[in-house]
Amino acid sequence: MYTLKRHVFLIGFMGSGKSTRGKRMAKMLGVEFIDLDDIFVEENGMSIQAFFKEYGEEEFRKKEKEILQKQHLVTPSVIATGGGTPCYADNMKWMIDNGITIYLKLPNKLLAQRLFDSKHHKRPLVDGKPLEEILRIVDEKMNTRSAYYEQAHFHTNSLEHNEDSLIDYLFAADVIKE
Ligand code: S3P
(Lines give C-alpha, C1' and ligand atoms only; values in the text may rest on other atoms or scores of the structure.)
Protein backbone atom coordinates (compact mmCIF):
# COMPACT_ATOMS: atom_id res chain seq x y z
CA MET A 1 0.00 0.00 0.00
CA TYR A 2 1.32 3.46 -0.87
CA THR A 3 0.72 6.93 0.53
CA LEU A 4 0.17 9.57 -2.10
CA LYS A 5 1.42 12.98 -0.96
CA ARG A 6 -0.07 15.12 -3.73
CA HIS A 7 -2.64 14.75 -6.47
CA VAL A 8 -1.58 13.07 -9.71
CA PHE A 9 -3.23 14.90 -12.62
CA LEU A 10 -3.45 13.04 -15.93
CA ILE A 11 -3.64 15.44 -18.83
CA GLY A 12 -3.81 15.03 -22.60
CA PHE A 13 -6.09 15.25 -25.59
CA MET A 14 -9.48 13.52 -25.74
CA GLY A 15 -8.91 9.85 -26.45
CA SER A 16 -5.39 9.70 -25.00
CA GLY A 17 -6.44 7.17 -22.35
CA LYS A 18 -6.61 9.38 -19.25
CA SER A 19 -9.56 7.57 -17.67
CA THR A 20 -8.43 4.04 -18.49
CA ARG A 21 -4.88 4.57 -17.32
CA GLY A 22 -5.98 6.70 -14.36
CA LYS A 23 -8.22 3.91 -13.04
CA ARG A 24 -5.40 1.42 -13.40
CA MET A 25 -2.89 3.67 -11.62
CA ALA A 26 -5.28 4.49 -8.78
CA LYS A 27 -5.91 0.80 -8.24
CA MET A 28 -2.20 0.01 -8.17
CA LEU A 29 -1.58 2.83 -5.69
CA GLY A 30 -4.63 1.98 -3.58
CA VAL A 31 -6.00 5.54 -3.84
CA GLU A 32 -9.19 7.07 -5.15
CA PHE A 33 -9.68 7.75 -8.85
CA ILE A 34 -11.48 10.97 -9.78
CA ASP A 35 -12.72 11.84 -13.27
CA LEU A 36 -13.50 15.54 -13.61
CA ASP A 37 -15.90 14.92 -16.52
CA ASP A 38 -17.91 12.53 -14.32
CA ILE A 39 -18.10 15.11 -11.52
CA PHE A 40 -19.30 17.65 -14.07
CA VAL A 41 -22.10 15.35 -15.20
CA GLU A 42 -23.13 14.53 -11.61
CA GLU A 43 -23.12 18.15 -10.47
CA ASN A 44 -25.03 19.46 -13.44
CA GLY A 45 -27.43 16.58 -13.88
CA MET A 46 -26.84 16.40 -17.64
CA SER A 47 -24.29 15.11 -20.13
CA ILE A 48 -21.46 17.39 -21.26
CA GLN A 49 -22.95 17.22 -24.72
CA ALA A 50 -26.33 18.47 -23.48
CA PHE A 51 -24.62 21.17 -21.42
CA PHE A 52 -22.65 22.44 -24.45
CA LYS A 53 -25.88 22.60 -26.45
CA GLU A 54 -27.81 24.46 -23.80
CA TYR A 55 -25.20 26.79 -22.25
CA GLY A 56 -22.20 26.77 -24.61
CA GLU A 57 -18.52 26.01 -24.19
CA GLU A 58 -17.61 29.17 -22.25
CA GLU A 59 -19.99 28.29 -19.42
CA PHE A 60 -18.62 24.74 -19.46
CA ARG A 61 -15.06 26.06 -19.02
CA LYS A 62 -16.08 28.20 -16.02
CA LYS A 63 -17.66 25.23 -14.26
CA GLU A 64 -14.81 22.94 -15.26
CA LYS A 65 -12.34 25.33 -13.60
CA GLU A 66 -14.43 25.43 -10.41
CA ILE A 67 -14.60 21.64 -10.28
CA LEU A 68 -10.84 21.31 -10.84
CA GLN A 69 -9.82 23.87 -8.28
CA LYS A 70 -12.17 22.46 -5.63
CA GLN A 71 -10.01 19.34 -5.63
CA HIS A 72 -7.58 20.92 -3.16
CA LEU A 73 -10.15 19.93 -0.51
CA VAL A 74 -9.86 16.27 -1.41
CA THR A 75 -7.35 13.62 -0.20
CA PRO A 76 -4.54 13.15 -2.76
CA SER A 77 -5.95 11.07 -5.63
CA VAL A 78 -5.35 10.17 -9.26
CA ILE A 79 -7.36 12.72 -11.25
CA ALA A 80 -8.26 12.44 -14.95
CA THR A 81 -8.89 15.89 -16.41
CA GLY A 82 -10.86 16.75 -19.56
CA GLY A 83 -8.84 17.28 -22.74
CA GLY A 84 -9.34 21.05 -22.56
CA THR A 85 -8.91 21.49 -18.80
CA PRO A 86 -5.20 22.49 -18.78
CA CYS A 87 -5.71 24.98 -21.63
CA TYR A 88 -8.16 27.38 -20.01
CA ALA A 89 -7.81 30.05 -17.31
CA ASP A 90 -4.93 29.34 -14.92
CA ASN A 91 -5.72 25.61 -14.70
CA MET A 92 -2.34 24.31 -15.85
CA LYS A 93 -0.43 26.47 -13.39
CA TRP A 94 -2.89 25.49 -10.66
CA MET A 95 -2.29 21.78 -11.31
CA ILE A 96 1.49 22.25 -11.37
CA ASP A 97 1.27 24.06 -8.03
CA ASN A 98 -1.12 21.53 -6.48
CA GLY A 99 0.17 18.18 -7.64
CA ILE A 100 2.17 16.33 -10.21
CA THR A 101 1.10 16.50 -13.85
CA ILE A 102 1.47 13.63 -16.33
CA TYR A 103 0.95 14.20 -20.03
CA LEU A 104 -0.32 11.18 -21.97
CA LYS A 105 1.00 12.00 -25.41
CA LEU A 106 -0.16 10.26 -28.58
CA PRO A 107 0.32 11.20 -32.26
CA ASN A 108 -2.56 13.25 -33.71
CA LYS A 109 -3.44 10.59 -36.29
CA LEU A 110 -3.80 7.93 -33.62
CA LEU A 111 -5.88 10.25 -31.44
CA ALA A 112 -8.22 10.96 -34.35
CA GLN A 113 -8.59 7.26 -35.07
CA ARG A 114 -9.28 6.44 -31.42
CA LEU A 115 -11.89 9.21 -31.22
CA PHE A 116 -13.53 8.02 -34.43
CA ASP A 117 -13.66 4.45 -33.10
CA SER A 118 -14.99 5.33 -29.64
CA LYS A 119 -18.42 6.42 -30.74
CA HIS A 120 -20.04 5.57 -27.43
CA HIS A 121 -18.23 8.45 -25.69
CA LYS A 122 -20.22 11.64 -25.72
CA ARG A 123 -17.75 14.25 -26.90
CA PRO A 124 -19.43 17.34 -28.31
CA LEU A 125 -16.31 18.60 -30.10
CA VAL A 126 -15.94 15.54 -32.35
CA ASP A 127 -19.17 13.55 -32.16
CA GLY A 128 -20.62 12.17 -35.38
CA LYS A 129 -17.87 13.66 -37.55
CA PRO A 130 -15.97 11.78 -40.28
CA LEU A 131 -12.38 10.71 -39.59
CA GLU A 132 -10.79 13.41 -41.80
CA GLU A 133 -12.78 16.12 -40.03
CA ILE A 134 -11.76 14.75 -36.61
CA LEU A 135 -8.10 14.76 -37.68
CA ARG A 136 -8.44 18.38 -38.79
CA ILE A 137 -9.94 19.29 -35.39
CA VAL A 138 -7.18 17.43 -33.51
CA ASP A 139 -4.45 19.16 -35.58
CA GLU A 140 -6.02 22.57 -35.09
CA LYS A 141 -6.59 22.22 -31.35
CA MET A 142 -3.16 20.69 -30.79
CA ASN A 143 -1.61 23.82 -32.32
CA THR A 144 -2.69 25.80 -29.29
CA ARG A 145 -3.10 23.08 -26.68
CA SER A 146 0.29 21.41 -26.92
CA ALA A 147 1.99 24.46 -25.33
CA TYR A 148 -0.06 23.75 -22.19
CA TYR A 149 0.28 19.98 -22.25
CA GLU A 150 4.05 20.25 -22.72
CA GLN A 151 4.38 22.06 -19.38
CA ALA A 152 3.55 18.82 -17.55
CA HIS A 153 6.13 17.46 -15.10
CA PHE A 154 6.27 14.09 -16.87
CA HIS A 155 5.46 13.04 -20.42
CA THR A 156 4.58 9.52 -21.46
CA ASN A 157 3.65 7.92 -24.71
CA SER A 158 0.51 6.16 -23.49
CA LEU A 159 1.13 3.13 -25.59
CA GLU A 160 4.76 2.61 -24.58
CA HIS A 161 5.04 3.40 -20.87
CA ASN A 162 3.41 0.94 -18.57
CA GLU A 163 2.00 1.87 -15.17
CA ASP A 164 5.06 0.52 -13.34
CA SER A 165 7.31 3.11 -14.93
CA LEU A 166 4.87 5.85 -13.96
CA ILE A 167 4.91 4.62 -10.40
CA ASP A 168 8.74 4.58 -10.44
CA TYR A 169 8.60 8.16 -11.58
CA LEU A 170 6.23 9.11 -8.74
CA PHE A 171 8.67 7.57 -6.24
CA ALA A 172 11.58 9.47 -7.76
CA ALA A 173 9.57 12.69 -7.66
CA ASP A 174 8.77 12.02 -3.97
CA VAL A 175 5.04 11.99 -4.63
CA ILE A 176 4.47 8.55 -3.15
CA LYS A 177 5.98 6.61 -0.29
CA GLU A 178 5.42 3.06 0.92
C1 S3P B 1 -13.04 18.21 -24.00
C2 S3P B 1 -12.71 16.94 -23.58
C3 S3P B 1 -13.67 16.07 -22.87
C4 S3P B 1 -14.70 16.91 -22.10
C5 S3P B 1 -15.34 17.90 -23.04
C6 S3P B 1 -14.34 18.85 -23.70
C7 S3P B 1 -12.01 19.01 -24.74
O8 S3P B 1 -12.98 15.24 -21.94
O9 S3P B 1 -14.13 17.57 -21.01
O10 S3P B 1 -16.05 17.18 -23.99
O11 S3P B 1 -12.18 20.22 -24.86
O12 S3P B 1 -11.00 18.41 -25.18
P13 S3P B 1 -12.10 13.93 -22.37
O14 S3P B 1 -10.73 14.41 -22.74
O15 S3P B 1 -12.09 13.12 -21.12
O16 S3P B 1 -12.83 13.28 -23.49
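The values are calculated or read from the model by the stated rules, or taken from the named source; none is laboratory data. It should be emphasised that the depicted structure is a prediction, and the values quoted were computed from it without experimental measurement. Note that we place each Cβ from the backbone using ideal geometry, even for glycine, and neighbour counts take in every protein chain shown. All accessible areas refer to the heavy atoms of the entire protein, side chains included, with ligands and DNA or RNA removed. Shrake-Rupley method; radii C 1.70, N 1.55, O 1.52, S 1.80 Å.
Which of the residues belonging to the stretch 88-100 are open to solvent by less than 20 Å² (accessible area, probe 1.4 Å) and within 15 Å of the ligand (Cβ to nearest atom)?
To start, the set of residues in the stretch 88-100 that are open to solvent by less than 20 Å² (accessible area, probe 1.4 Å) comprises 91-92, 95, 99-100.
Those that are open to solvent by less than 20 Å² (accessible area, probe 1.4 Å) and within 15 Å of the ligand (Cβ to nearest atom): 91, 92, 95.
Evaluate the following for residue 6: is it charged (D, E, K, R), modelled with pLDDT of 95 or more and either within 14 Å of the ligand (Cβ to nearest atom) or open to solvent by less than 10 Å² (accessible area, probe 1.4 Å) (or both)? So that I can check it myself, show each step before the final result.
Details: charged (D, E, K, R): yes; modelled with pLDDT of 95 or more: yes; either within 14 Å of the ligand (Cβ to nearest atom) or open to solvent by less than 10 Å² (accessible area, probe 1.4 Å) (or both): no.
When the stated conditions are applied, residue 6 does not pass them.
Answer yes or no as to whether residue 53 is under 20 Å from residue 92 (Cβ atoms), in a helix (DSSP H, G or I) and either modelled with pLDDT of 95 or more or open to solvent by 40 Å² or more (accessible area, probe 1.4 Å) (or both). Steps first, answer last, please.
Working: under 20 Å from residue 92 (Cβ atoms): no; in a helix (DSSP H, G or I): yes; either modelled with pLDDT of 95 or more or open to solvent by 40 Å² or more (accessible area, probe 1.4 Å) (or both): yes.
In short, no.
Considering each residue of the stretch 111-122, count those that are in a helix (DSSP H, G or I) and free of Cβ contacts under 8 Å to residues at least 12 places away in the same chain, and give that number. Reasoning before the result, please.
Step one: of the stretch 111-122, the residues in a helix (DSSP H, G or I) are 111-117.
This time we only want the ones that are free of Cβ contacts under 8 Å to residues at least 12 places away in the same chain, so: 117.
Looking only at that region, the number is 1.
Of the residues that sit in the stretch 123-168 and are of a type in the set (Ser, Thr, Tyr) and without any contact (Cβ under 8 Å) to a residue 60 or more places away in the chain, which one is surrounded by the most Cβ atoms within 10 Å (Cβ to Cβ)?
So in the stretch 123-168, the residues of a type in the set (Ser, Thr, Tyr) come out as 144, 146, 148-149, 156, 158, 165.
This time we only want the ones that are without any contact (Cβ under 8 Å) to a residue 60 or more places away in the chain, so: 144, 146, 156, 165.
Values: 144: 9, 146: 15, 156: 23, 165: 12.
Of everything passing the filter in the stretch 123-168, 156 is surrounded by the most Cβ atoms within 10 Å (Cβ to Cβ).
So is residue 112 modelled with pLDDT of 95 or more, over 30 Å from residue 2 (Cα atoms), open to solvent by less than 40 Å² (accessible area, probe 1.4 Å) and more than 12 Å from the ligand (Cβ to nearest atom) or not? Spell out the reasoning first.
Details: modelled with pLDDT of 95 or more: yes; over 30 Å from residue 2 (Cα atoms): yes; open to solvent by less than 40 Å² (accessible area, probe 1.4 Å): yes; more than 12 Å from the ligand (Cβ to nearest atom): yes.
When the stated conditions are applied, residue 112 passes them.
Conditions tested, residue by residue: (1) in a helix (DSSP H, G or I); (2) of a type in the set (Ser, Thr, Tyr); (3) within 19 Å of the chain's Cα centre (by Cα); (4) at pLDDT 85 or above.
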site: 140; (1), (2), (3), (4): yes, no, yes, yes
site: 143; (1), (2), (3), (4): yes, no, yes, yes
site: 147; (1), (2), (3), (4): yes, no, yes, yes
site: 167; (1), (2), (3), (4): yes, no, yes, yes
site: 171; (1), (2), (3), (4): yes, no, no, yes
site: 174; (1), (2), (3), (4): no, no, no, yes
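Restricting the stretch 14-64 to residues that are basic (Lys, Arg) and either over 23 Å from residue 96 (Cβ atoms) or under 13 Å from the mean Cα position of the chain (by Cα) (or both), which is farthest from the ligand (Cβ to nearest atom)?
If we filter the stretch 14-64 for residues that are basic (Lys, Arg), which is where we start, we get 18, 21, 23-24, 27, 53, 61-63.
Keeping just the survivors that are either over 23 Å from residue 96 (Cβ atoms) or under 13 Å from the mean Cα position of the chain (by Cα) (or both) gives 18, 21, 23-24, 27, 53.
On the way: 18: 6, 21: 12, 23: 13, 24: 16, 27: 19, 53: 12 Å.
Among those residues, the one meeting the criterion is 27.
So which residues in the stretch 64-108 are of a type in the set (Gly, Ala, Ser), touching a strand residue (DSSP E or B) at 6+ places or on another chain (Cβ under 7 Å) and under 19 Å from residue 146 (Cα atoms), if there are any at all?
80
Go over the candidates 1, 28, 14 one by one and state the one that is touching a residue at least 60 places away in the same chain (Cβ under 8 Å), closer than 18 Å to residue 173 by Cα, not small (Gly, Ala, Ser) and not in a helix (DSSP H, G or I).
Values: 28 fails: not in a helix (DSSP H, G or I); 14 fails: closer than 18 Å to residue 173 by Cα.
From the options 1, 28, 14, the qualifying one is 1.
I'd like to check something: does the stretch 70-87 contain any residue that is among the hydroxyl-bearing types (Ser, Thr, Tyr), open to solvent by less than 20 Å² (accessible area, probe 1.4 Å) and either more than 13 Å from the ligand (Cβ to nearest atom) or outside any helix (DSSP H, G or I) (or both)? So that I can check it myself, show each step before the final result.
Residues of the stretch 70-87 among the hydroxyl-bearing types (Ser, Thr, Tyr): 75, 77, 81, 85.
With the extra rule that they be open to solvent by less than 20 Å² (accessible area, probe 1.4 Å), the set shrinks to 77, 81, 85.
Retained after the next criterion (residues that are either more than 13 Å from the ligand (Cβ to nearest atom) or outside any helix (DSSP H, G or I) (or both)): 77, 81.
Looking for residues that are among the hydroxyl-bearing types (Ser, Thr, Tyr), open to solvent by less than 20 Å² (accessible area, probe 1.4 Å) and either more than 13 Å from the ligand (Cβ to nearest atom) or outside any helix (DSSP H, G or I) (or both), one finds at least one in the stretch 70-87, hence yes.
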